[in-house]
Amino acid sequence: MTTPARAACIIGWPVEHSRSPLIHNYWLKTYGIAGEYRREAVTPDHFGGFIQSLAVRGYAGANVTVPHKEAALGLSLPDERARAVGAANTLWIDGGFLHSTNTDVEGFLNNLDACAAGWDRNLSKAVVLGAGGAARAVVYALLTRGVQGITIVNRTPSRADALRDRFGDRVRVARWVELDGQLGDAALFVNTTTLGMAGQPELHADIGRLPSHAIVADLVYVPRVTPLIKTAKARGLRTADGLGMLLHQAVGGFALWFGKRPEVTPQLRALLEADLSLPAASPPE
Ligand code: NAP
């Protein structure tokens, strides 16, 4: 007896640039699962109607990207992670209900575990640059691993204040001009801004001030090796890059839709690296 094909998709506006189809269709092929992962370009006006009709359209679930992540939360039954982060990036249908989660949390943590085992042992201070949606996922993730103090530095101070109010006492805020001064006793530095991304301004941070045991993580993955990761490596620091996080955040959705927990392998990473190296590499999701 053959298992009927299942399908999932990524919903965004725009969505052409998304690398998610490459990842999920690779896993479908690798594990011999009958299924397909597609792109769906859906405007904000049509998003609600689209996700309410996922099953009718033949989908077991979907990823959600810009600009729909907050709307997805309100139109589904979010788990604790999605609620805590305030955004959902993964939807699935169970028992006739549309559920949601935020896999950026596990993507960030599992990538750090893979790149810098033991990173969370007695971690006293992390500095997080940025206060957008990705920063919310990172701060929540760090708190779940018992990081004792997180200092958020953001260009727009009110957004950093909002994160401190959301996540409580272990979160502090420092001003943009104080960034370098905050790095001297930081065991982890995470860039969650778009700085350093192809076509965006450079990130200026004095990585030389970080202690020699510090770890540097960058969520940006275009270019694949960002100037921040390059400088950190040159200093001999351990690093976790944005491509690794992108791959690890995809695992949970695939498992929910296709019933198999896939592996992030060097072969898959090489496929993505080759795609990102193409001259026409477009902005990330
Ligand atoms: P977002 O909500 O729009 O937040 C953007 C952040 O970047 C804000 O903190 C913003 O500061 C800051 N920023 C933008 N331009 C800046 C500039 N010129 N100078 C200083 N700060 C600037 O976006 P997001 O969803 O959090 O995504 C942020 C980054 O994470 C993107 O590069 C995205 O591709 C990446 N990401 C990667 C993964 C992955 O799996 N690797 C997952 C999620 C996100 P203000 O508040 O002052 O505007």
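None of the figures in this text is laboratory data; all of them are computed from the coordinates on show. All values reported here derive from a predicted model rather than from experimental measurement. So basically every Cβ, Gly included, is an ideal-geometry build from the backbone, and we count neighbours across all protein chains shown.
Worth pointing out:
- Residues (part of a loop (DSSP other than H, G, I, E, B) and either within 16 Å of the ligand (Cβ to nearest atom) or under 20 Å from the mean Cα position of the chain (by Cα) (or both)) located in region 119-178: TRP119, ASP120, GLY130, ALA131, GLY132, ARG145, GLY146, VAL147, ASN154, ARG155, THR156, ARG175
- Number of positions in region 11-21 that are surrounded by fewer than 17 Cβ atoms within 10 Å (Cβ to Cβ) and in contact with a helix residue (DSSP H, G or I) (Cβ under 8 Å, 6 or more places away or on another chain): 1
- Residues that are crowded, with 21+ Cβ neighbours inside 10 Å and without any contact (Cβ under 8 Å) to a residue 40 or more places away in the chain, drawn from region 175-226: GLY196, LEU210, ALA214, VAL216, ASP218, THR226
- Qualifying residue in region 217-228 (condition: out of contact with any helix residue (DSSP H, G or I) (no Cβ under 7 Å at 6 or more places or on another chain) and under 25 Å from VAL85 (Cα atoms)): no
- Subset of region 92-110 that is of a type in the set (A, V, I, L, M, F, W, C) and within 15 Å of the chain's Cα centre (by Cα) - its residue that is nearest to the ligand (Cβ to nearest atom): PHE108
One line per residue, one yes/no per condition, for (1) within 13 Å of the ligand (Cβ to nearest atom); (2) closer than 28 Å to PRO201 by Cβ; (3) not in a loop (DSSP other than H, G, I, E, B):
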{"position": "PRO223", "(1), (2), (3)": "yes, yes, no"}
{"position": "THR231", "(1), (2), (3)": "no, yes, yes"}
{"position": "LEU243", "(1), (2), (3)": "yes, yes, yes"}
{"position": "PHE254", "(1), (2), (3)": "no, no, yes"}
{"position": "GLU263", "(1), (2), (3)": "no, no, no"}
{"position": "LEU268", "(1), (2), (3)": "no, no, yes"}
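- A count restricted to region 59-83 and to residues that are within 14 Å of the ligand (Cβ to nearest atom) and in a loop (DSSP other than H, G, I, E, B) stands at 4.
- Failed criterion for GLN249 (all others in (1) under 20 Å from SER18 (Cβ atoms); (2) away from the ligand (no atom under 14 Å from the Cβ); (3) of a type in the set (S, T, N, Q) hold): (2)
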